[in-house]
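Report on the following structure.
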Amino acid sequence: TPAFWEDATLNLPNHPVVGVDFWDAYAYAAWAGKRLPGEKEWEKAARGKSGYTYPWGDQWDAARLNWGDFSKQNYEFTSPVGAFAAGASPYGCLDMAGNAAEWCADSYESNRPDKVVRGGSYRDREWTISVSRQKEAMNTRVKWLGFRCVMDQAK
């Protein structure tokens, strides 16, 4: 069972699933006929061809993401997926900055078990820059870390 499954502040309809480790995210994506994005795929989806600093452009704009300013956004933790539509990436991807950080399929360093985490979360502004990357142990289950699935196009 994912961590925080019974936590009413996190287990809300239309919110990202958080508190799952890499293996939980990987297994769900496989079950759904999808996969976790590679780090380069994630970054391209977030930055677009222009290589923006943030998914929406090069200037910080607190109104375009959930970055944990409860006094202004009314979300203590995660927000509903897509609640910040103005923060969409050039490819129309939502929540690529803030809300929940996301597992990627790639290892942080070769020959190491740590995995790449991208996108920042509601807990900090620092990691919401589209080029920021963090590493986490594959068994990490925390309230700010979730995942997104990708599906390959049929050829």
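The values are calculated or read from the model by the stated rules, or taken from the named source; none is laboratory data. As the structure is a prediction and not an experimental result, all values here were calculated from the model. No Cβ is skipped: glycine too gets one built from the backbone with ideal geometry, and neighbour counts run over all protein chains shown. Protein only, heavy atoms only, side chains kept; ligands, DNA and RNA dropped before computing areas. Shrake-Rupley method; radii C 1.70, N 1.55, O 1.52, S 1.80 Å.
Residue-by-condition table, conditions (1) within 22 Å of V116 (Cα to Cα); (2) in contact (Cβ under 8 Å) with a residue 60 or more places away in the chain:
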position: N14; (1), (2): no, yes
position: W23; (1), (2): yes, yes
position: A29; (1), (2): yes, yes
position: R35; (1), (2): yes, yes
position: P55; (1), (2): yes, yes
position: D61; (1), (2): no, no
Please pick out the residue among S71, S79 that is out of contact with any Phe, Trp or Tyr (no Cβ under 7 Å at 6 or more places or on another chain), at pLDDT below 95 and open to solvent by 50 Å² or more (accessible area, probe 1.4 Å). S71
Name every residue in region 38-77 that is under 26 Å from S107 (Cβ atoms) and polar (S, T, N, Q), in order of residue number. T53
Within region 22-44, track down each residue that is open to solvent by less than 90 Å² (accessible area, probe 1.4 Å) and assigned to a helix (DSSP H, G or I). F22, D24, A25, A27, A29, A30, E39, E41, W42, E43
Evaluate region 85-101: report whether one residue or more is of a type outside the set (D, E) and more than 16 Å from A46 (Cα to Cα). no
Go through region 90-131 and give me each residue that's free of Cβ contacts under 8 Å to residues at least 12 places away in the same chain and not in a loop (DSSP other than H, G, I, E, B). S107, E126
Exactly one of these conditions fails for M151: (1) open to solvent by 70 Å² or more (accessible area, probe 1.4 Å); (2) hydrophobic (A, V, I, L, M, F, W, C); (3) more than 20 Å from K44 (Cβ to Cβ). Give me its number. (3)
Flag if A30 is among the aliphatic types (A, V, I, L, M) and under 14 Å from R148 (Cα atoms): yes
Residues in region 55-96 that are among the basic types (K, R) and over 24 Å from P13 (Cβ atoms): how many? 0
For region 52-68, how many residues meet the condition of being assigned to a loop (DSSP other than H, G, I, E, B) and either among the charged types (D, E, K, R) or surrounded by 13 or more Cβ atoms within 10 Å (Cβ to Cβ) (or both)? 11
With surrounded by 13 or more Cβ atoms within 10 Å (Cβ to Cβ), farther than 27 Å from W23 by Cα and in contact with a helix residue (DSSP H, G or I) (Cβ under 6 Å, 6 or more places away or on another chain) as the only criterion, which of G87, G98 stands out? G87
Candidate set: region 69-89, residues that are free of Cβ contacts under 8 Å to residues at least 12 places away in the same chain and outside any loop (DSSP other than H, G, I, E, B); chosen: the one nearest to F147 (Cα to Cα): A85
